[in-house]
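Have a look at the structure below, then the notes.
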Amino acid sequence: MARPRGKILLIEGKRSDHPSFFSGLTRKGFDVESVGTGKLASERLQTSLPDVVLVDAASMRTSGKRICQSIRADAPGVPILLVVDADYDHMERLDADVVLAQPFTLQKLLNRMRPLLPTDDQNLLKVGPIHLDVEHRWARCQERQAQLTPRLVMLLRALMERPGEVIERTDLFRVVWETEYTGDTRTLDVHVSWLRQALEEDARHPRYLKTVRGVGYRLDVEPKKRK
């Protein structure tokens, strides 16, 4: 018997005009437990912790804010994926790791859920708010998530392995393109620009991927302090 891809606690209401995620996730190999209210979810979290809590607030005609706050109090380490109606207030602060607005496909739900699930630590790099799954080629920073090309994975990995350090352009060309030739500097600049578009909230004024003029680039994230 195949091992489940992950354990999901699904909180959703019963609406005839709103399809359930239960059957789709079950078909994809997830171990799904469904409850109808936030209160029942809190009770369930007292005895068993899932890998992800999926809150379908759209099916309950609510923002899901209070449910997410309750889950955070009961199980602070469990990630939350919140589904809301298309017209929800984007300025409202919702206590969830990922917020998905209807409509969307099951595949998009899976893509956004994947970074929240347990993975092989050997293939997952974490530096500050940036997560990189080398095997599946996705990266996440805060609420932003993107699928990356193999070259972009190599570039981001090179920067993440030396956080806070200025990495010279020649070193990046050597690692990512396996060449000593740096005549075509625009190639590197374009790839850094693509990474910024994927991860930065404002690509024109990057917070993390900084240019050190005349030298190279730096991932402006504090490295972990050794104990």
Exercise. Just one of the numbered conditions (1) within 28 Å of Gly164 (Cβ to Cβ); (2) among the charged types (D, E, K, R); (3) in a helix (DSSP H, G or I) is not true of Lys126; which one?
Worked result: (3)
For this session: Return yes or no: is Glu178 closer than 25 Å to Glu135 by Cβ and either at pLDDT 95 or above or of a type in the set (Asp, Glu) (or both)?
Result: yes
Exercise. Name the residues in the stretch 32-57 that are more than 16 Å from Ile8 (Cβ to Cβ) and of a type in the set (Lys, Arg), would you?
Worked result: Lys39
Exercise. If you go through the stretch 21-57 one residue at a time, how many are assigned to a helix (DSSP H, G or I) and either under 22 Å from Thr105 (Cα atoms) or hydroxyl-bearing (Ser, Thr, Tyr) (or both)?
Worked result: 8
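Here's the yes/no breakdown for (1) out of contact with any Lys or Arg (no Cβ under 7 Å at 6 or more places or on another chain); (2) within 25 Å of Gln147 (Cβ to Cβ); (3) surrounded by fewer than 17 Cβ atoms within 10 Å (Cβ to Cβ):
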residue: Leu45; (1), (2), (3): yes, no, no
residue: Leu54; (1), (2), (3): yes, yes, no
residue: Ile80; (1), (2), (3): yes, yes, no
residue: Gln107; (1), (2), (3): yes, yes, yes
Exercise. Among (1) assigned by TED's automatic domain parsing to the domain that holds Pro76; (2) at pLDDT below 90, where does Arg140 come up short?
Worked result: (1)
Seminar exercise, completed: So, first residue within 16 Å of Leu209 (Cβ to Cβ) and assigned by TED's automatic domain parsing to the domain that holds Leu209 in the stretch 167-183, second residue surrounded by 15 or more Cβ atoms within 10 Å (Cβ to Cβ) and at pLDDT below 90, Cβ within less than 6 Å, six or more apart or across chains; the pairs are Arg169/Thr182
Problem set entry | Residue count for the stretch 79-126, restricted to those that are at pLDDT 90 or above and within 20 Å of Val153 (Cα to Cα) | 0
Seminar exercise, completed: Flagged pairs (Cβ under 9 angstrom, 6 or more apart or on separate chains; first in the stretch 15-43, within 25 Å of Ser70 (Cα to Cα); second hydrophobic (A, V, I, L, M, F, W, C) and exposed (fewer than 13 other Cβ atoms within 10 Å of the Cβ)) are Ser42/Ala73
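The values are calculated or read from the model by the stated rules, or taken from the named source; none is laboratory data. Since this is a predicted model, take the numbers as computed values, not measurements. All Cβ positions, glycine included, derive from the backbone under ideal geometry; neighbour counts span all protein chains shown.
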